[in-house]
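The values are calculated or read from the model by the stated rules, or taken from the named source; none is laboratory data. All values derive from a computational prediction rather than experimental measurement. FYI the Cβ positions are ideal-geometry reconstructions off the backbone, even for glycines, and counts take in every protein chain you see. These accessible areas exclude ligands, DNA and RNA; they are computed on the full protein's heavy atoms, side chains included. Shrake-Rupley method; radii C 1.70, N 1.55, O 1.52, S 1.80 Å.
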Amino acid sequence: MSGRRNRIFSPGAALLLFFSGCGFADLRPVNVNTIPAIMNAVLPSPYSPVVAAFSAAMERTGAEELLQITYSGGSVQGNLSWKGTSLVFIPAAGWQAGVRYVLVLSGSAYALDGREIKVEKYLPFYALTMAGPPLVESFVPPDGASTGVSPDETQLVLRFSRAMDRLSTETALVFEDAGKKTYIWEKNDTLLRVRSENNLAPWTVYRWSLGEGALSREGVPLGKKTGGYFITDSDRLAPCVSGVYPMMRSGGKWLPTGGNIESDLGPGQGIGIDFNKAMNEKILRALRFDPSLPGRAEFLSPSALVYIPDRNPEPETAYTLTIGADAEDTAGIKMGNDFTVHFTADIPFLKALSFAADGSPVFGAGPGGIGAEPSVVQVPIDIAGGNVLRFTLRFSLPFDMETKKNAVFRISLEPFFPGDLMQVSLRFAEWLSGDMLRMEWEGLKAAAGEAHYYKLVVPGGKGGIISGEGMYLAEDVTLYLEAVE
């Protein structure tokens, strides 16, 4: 016997050695291992590679066509490279946390030595976390709701299924035309309140949306874009003027006089204006008068105000009060139409009712008083008493202490004809009552056979004499006094 030891070979091994020793192809199957290696594995970082490691050198183009990575949004784009026999995929935009991806190896390819690999492999995996995407569980106002315009009525409240990342959520939220907003987070960042800092516009559709850029606290994007709309039309009543009337101040308060605005507005009174709704403060500057009537407006209540003129309206003058169509209530709803009212104040001109010289009949005692047209009146002169003329003027309204003094020095008496008459002077003046002034003038000359005239002027207009209630004569009152013995 020879000293050789017997060796036992399996048929497969013998066949492998036979083909290898003779230069034939390797008949072992081509295998592929992957990273991730198991279902629902979690990759540790946004750019962790996905690897398909083949057991043989591959024809690269065909091998690359085997690999695909998908998710709910389609295929993941990325960069492929080779490290030896391993095909490496790195996503271009990085993996999104919590998204379920599927590694797909499907089809057939060939090794460089000609062996074929057929594979059908589907391997789901995640990156960073397996936590599911956050969702908007509910929101207020409901879709299509009718609301008011105040921040309380129009605040957007979003309730999430998971705690949210504040910055990404606020950035991803679009709340159209809501102006400057305040974000309030509650309940461990699962509830967000969004409030406009000002009232929204009335009768307007407001839309909002929250995109997938909103991330959970773990970095998982919103599972579904969400949005809605509401309409600020719960208040459909337009503001309007419900009353205009004279008011008087009594006991520190403005009270209605009971009169009508068209003809009963008296001196020192205000104009009350009622609305059917609470009005925006801009209404205080929205009143227009023609002709101009300077003054200021004050609120008596949210729906009522009083206009206080700086001076009395002009006597016997027609005014128009206009409130423009753009006047708004507190909700921003406009009146829509101009409001106008016409009125003539119950404020007469001051009148000189009568002139009575001592020793002669009363002149102008009728209801119209002394007319504006110059008149000639004979007046007796007290020659023995020093060429004195004494007369009494009666007015339609009373004077107070200050206006009495002013009136005395504004009334004038001067020589008129002939031209050589001497000047006269006021000797004495006394108010017999609030509306009756007695005056004595000396130096007047009466001559037989020759007419001597003197011109008496009581000045009118705004620059003339003014009664205690601020009334003035419409025009100068002029009398030509013929001095007689």
Given (1) buried (at least 16 other Cβ atoms within 10 Å of the Cβ); (2) within 26 Å of GLY266 (Cα to Cα), number of the condition MET401 does not satisfy: (1)
Of SER196, SER168, which residue is polar (S, T, N, Q) and buried (at least 20 other Cβ atoms within 10 Å of the Cβ)? SER196
Does PRO267 fit the bill of being of a type outside the set (S, T, N, Q) and touching a Lys or Arg at 6+ places or on another chain (Cβ under 8 Å)? no
Is it fair to say LEU215 is over 30 Å from GLY98 (Cβ atoms) and either within 18 Å of the chain's Cα centre (by Cα) or surrounded by 13 or more Cβ atoms within 10 Å (Cβ to Cβ) (or both)? no
Here are some residues: GLY94, GLY132, GLY98. Which one is open to solvent by less than 70 Å² (accessible area, probe 1.4 Å) and either polar (S, T, N, Q) or farther than 16 Å from GLY223 by Cβ (or both)? GLY94
Looking only at the range 354-384, which residues are polar (S, T, N, Q) and either open to solvent by less than 80 Å² (accessible area, probe 1.4 Å) or in contact with a Cys (Cβ under 7 Å, 6 or more places away or on another chain) (or both)? SER354, SER360, SER375
Provide a single number: the residues in the range 436-465 that are of a type in the set (Gly, Ala, Ser) and under 60 Å from the mean Cα position of the chain (by Cα). 4
Matching residues in the range 324-353 (assigned to a strand (DSSP E or B) and either open to solvent by 10 Å² or more (accessible area, probe 1.4 Å) or farther than 28 Å from THR147 by Cα (or both)) number 11
Would you say VAL149 is open to solvent by 30 Å² or more (accessible area, probe 1.4 Å), under 30 Å from ALA201 (Cβ atoms) and either over 43 Å from the mean Cα position of the chain (by Cα) or not hydroxyl-bearing (Ser, Thr, Tyr) (or both)? no
All but one of (1) in contact (Cβ under 8 Å) with a residue 24 or more places away in the chain; (2) farther than 22 Å from ILE333 by Cα hold for MET279, so report the exception by its number. (2)
Among the listed residues PRO374, PRO380, identify the single one that is more than 18 Å from LEU473 (Cβ to Cβ) and in contact (Cβ under 8 Å) with a residue 24 or more places away in the chain. PRO380
Would you pick out the residues in the range 252-264 that are open to solvent by less than 80 Å² (accessible area, probe 1.4 Å) and out of contact with any Ser or Thr (no Cβ under 8 Å at 6 or more places or on another chain)? GLY252, TRP254, LEU255, THR257, GLY258, GLY259, ASN260, ILE261
Being farther than 21 Å from VAL362 by Cα, open to solvent by 50 Å² or more (accessible area, probe 1.4 Å) and either in contact with a Leu (Cβ under 9 Å, 6 or more places away or on another chain) or of a type outside the set (Asp, Glu) (or both) is the requirement here; does PHE409 meet it? yes
Tell me the residue from SER86, SER81, SER72, SER48 that is of a type in the set (Gly, Ala, Ser) and at pLDDT below 95, please. SER72
So, in the range 428-485, of the ones that are open to solvent by less than 10 Å² (accessible area, probe 1.4 Å) and part of a loop (DSSP other than H, G, I, E, B), which residue ends up nearest to GLU402 (Cα to Cα)? SER467
Would you pick out the residues in the range 281-298 that are more than 17 Å from VAL244 (Cβ to Cβ) and open to solvent by less than 100 Å² (accessible area, probe 1.4 Å)? PRO291, SER292, PRO294
